[in-house]
Amino acid sequence: MNIIGPDYLVFGVDDVAAACEYLTAFGLKPVDVTEKGGRFETLDGTGVVVRHKSDPTLPPPLPTSNMLRQQVYGVRSAADLDAIEAELSSDRRVTRLSDGSIELKDDHGFELKFQVTIRRELDMPAEKINAPGAPAQRGPNEIGVWEDMPALPRTLSHVVLFVPDIEIATHFYCERLGFVVTDILTGAGPFLRPKANDDHHTLFFIRTPDYMKGCEHLAFHMGGPTELMVAGTRFVKKGYQSFWGPGRHKFGSNWFWYFNSPLGCHFEYDADMDKHDDSWVAREAPNGAEASQIVLFEMREKWAPGGGPPPGAKG
Amino acid sequence: MQNDVLIDERPGLAPAARRLCHVKDIGEGEARGFGPLPGSKRKIIVLRRKGVLHAWLDACPHYATGTPMAWKTDAYLNGEKTHLTCHSHHALFDMETGECVLGPCLGQTLTRIDIVVGEEGDVFVAAPAEET
Ligand code: FES
Ligand SMILES: [Fe+2]
C-alpha cells in the first residue's frame with residue numbers, strides 16, 4: 001500500500017468568506033473558488049477544500065465542534081487503491097467512486113478518502129546556507145534574503161488528530177494501512193509516516209476526551225526556516241493570530257509556527273523535517289515543553305538598536 | 001495611549017492607562033479586542049449583547065496559560081455571531097456568562113474583567129488588570 005500522505009483536508013465551516021480570506025492570506029491559491037467555497041492549493045497541488053457546513057456535498061460532520069469533514073490521502077497507483085479496498089472492505093463499507101477513488105471511515109469515525117495522488121512533482125531548491133568548513137551553498141553574489149522573497153507553502157505536510165484512543169488509532173493506520181511509528185511522545189501519542197513517504201511524520205495523534213475528537217492542526221512545508229519566519233511575520237502583520245512559535249521541534253526536527261484559524265483548528269508553517277527509512281528505531285520521550293521543542297521564540301515588533309544616546313540623556 | 005508603556009505599576013494604573021474604548025465603539029452583537037493593558041500579556045475583549053457591555057480576558061481556558069482566541073484582529077465571534085469563539089480548537093463561549101458551551105474547555109469559564117463607563121462614555125477597566 002503505497003500511501004504518500006494527505007492530498008487535501010476537507011472542512012465544513014460556519015463562515016465561508018472568512019475561511020477563504022484566511023486560506024488565501026496564509027499563502028494558498030484559490031482554485032475554482034466561489035462564494036460557496038472550493039479548493040485552495042499549495043505549490044504542488046495539495047491543499048484544503050472548504051465549504052459551508054450545511055453543504056450537502058460534504059461528508060457528515062464529526063459529533064464534536066470540529067470542522068474537519070474528510071482527509072483525502074494520495075496513493076501512488078490504482079493498484080494501491082485496490083489493495084486498500086481489499087484490506088478494509090472485510091470489516092467496513094468501502095465506497096468506490098466513479099473516478100476510482102475510495103471512501104471509508106477509520107476506526108474512530110474519521111472520514112477518509114484515498115485517490116491516486118494529484119500532487120505535482122516540485123523542482124525547486126531548498127533554502128541554502130553558508131557555513132565555515134562546508135562548501136558554500138550560495139555562491140558569490142547570491143543573496144539569502146530580500147524584501148519580496150517568495151515564502152509560499154510548497155505542500156501539505158501533516159495532519160494532527162485529537163483521538164480518544166491512541167491504540168485504536170495506531171492499530172488502524174499501522175496494521176491496516178502500513179504506516180510506521182517514527183517516534184512517540186508518551187502522554188500525547190505517536191508520530192506516523194506512511195510507507196511511500198520518508199518524512200518523519202504525516203500524521204500525529206494526541207489523546208483527548210471523546211468530545212474533542214477532530215483535527216488539532218494541519219501543516220504545510222516551506223522551503224526552509226527563513227521562508228517559514230518570513231511567511232509567519234507577513235501573516236502576523238496582516239493581523240492574523242500566532243498561537244505557538246516560531247520554534248523548532250525535537251522529534252522530526254522541523255521548524256514550526258502555528259496560527260489560529262476560522263476553520264476550527266491550527267494552521268502550521270513547517271520546514272526542514274527529518275527523513276527516515278525502515279532502519280530507524282523509534283524514540284520515546286514523555287510529552288512536555290522540553291520534549292516538544294529545542295527552541296521557542298515569540299514574535300515582537302521590529303526594532304533596531306541605534307547609535308546615539310537615549311533621548312533625553314545628559315550628554 | 002502612547003504613554004502607556006511608561007506606566008507599569010500595578011495596582012493603581014492611572015485611569016488613562018485603564019481605558020479600553022468608547023461605548024460607541026462596540027455595536028450590538030459586536031466584539032473587539034483592546035490592550036493589552038500595561039503589565040498584562042493578554043488583550044481584553046469588549047462585547048455588547050442585548051445592549052449590555054461585557055468584558056473578558058482574551059485567554060482561552062483550554063490551556064493553563066490562557067491563549068489568545070481571535071483568528072485575526074477583532075475576529076472573536078463564530079460565523080453565526082452567536083458565541084465568543086476560541087479559534088484554536090473552536091470552543092464556543094456564552095457571550096454574557098463566559099461559559100464554554102461546546103469544545104475542549106466545556107464547562108470552564110472565561111475570566112471576566114470588571115468595567116466602568118465614565119461620564120463621557122469611555123469604558124475603563126474597574127480593577128487592576130490581572131497578570132496572565
Ligand atoms: S486553546 Fe482554545 S479551544 Fe483549545
Ligand atoms: Fe505539526
Given (1) closer than 18 Å to B:L20 by Cβ; (2) within 16 Å of ligand 1 (Cβ to nearest atom), number of the condition B:D74 does not satisfy: (2)
Which numbered condition B:A59 misses (of (1) farther than 29 Å from A:A17 by Cβ; (2) in contact (Cβ under 8 Å) with a residue 60 or more places away in the chain): (1)
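Against the definition (surrounded by 14 or more Cβ atoms within 10 Å (Cβ to Cβ) and assigned to a strand (DSSP E or B)), how does A:L152 come out, yes or no?
On the way: surrounded by 14 or more Cβ atoms within 10 Å (Cβ to Cβ): yes; assigned to a strand (DSSP E or B): no.
No.
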Failed condition for A:G139, given (1) away from ligand 2 (no atom under 16 Å from the Cβ); (2) in contact (Cβ under 8 Å) with a residue 12 or more places away in the chain: (2)
Pairs, first within 19 Å of A:M229 (Cβ to Cβ) and part of a loop (DSSP other than H, G, I, E, B) in the range A:245-268, second within 16 Å of ligand 1 (Cβ to nearest atom) and of a type in the set (S, T, Y), C-beta under 6 Å, six or more apart: A:N260/B:S88
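Where in the range B:51-132 are there strands (runs of 3 or more DSSP E), lying wholly inside it, with at least 2 residues that are away from every other protein chain (no Cβ under 14 Å)?
B:52-57, B:115-117, B:122-125
Quickly run through the range A:200-218 and pick out the residues that are out of contact with any Leu (no Cβ under 8 Å at 6 or more places or on another chain), in a strand (DSSP E or B) and buried (at least 23 other Cβ atoms within 10 Å of the Cβ). Before the answer, list the steps.
Residues of the range A:200-218 out of contact with any Leu (no Cβ under 8 Å at 6 or more places or on another chain): A:200, A:207-210, A:212, A:217.
The next check asks that each one be in a strand (DSSP E or B); those that pass are A:207, A:217.
Matches in the range A:200-218: A:H217 only.
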Segments classed as strands (runs of 3 or more DSSP E), wholly inside the range A:20-133, with at least 1 members that are modelled with pLDDT under 95: A:29-34
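For the subset of the range A:257-294 comprising residues that are among the hydroxyl-bearing types (S, T, Y) and more than 14 Å from chain B (Cβ to nearest Cβ), which member is farthest from A:A19 (Cα to Cα)?
Once the filter is applied, the top-ranked residue is A:S279.
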The range A:181-212: number of residues that are farther than 20 Å from A:L43 by Cα, of a type in the set (D, E, K, R) and more than 14 Å from chain B (Cβ to nearest Cβ): 3
Residue in the range A:213-223 that is within 14 Å of chain B (Cβ to nearest Cβ), of a type in the set (K, R) and farther than 29 Å from A:A196 by Cβ present: no
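The values are calculated or read from the model by the stated rules, or taken from the named source; none is laboratory data. This one's a predicted model, so the numbers in the text were calculated from it and none came from an experiment. Cβ atoms come from the backbone with ideal geometry, glycine included; neighbour counts cover every protein chain shown.
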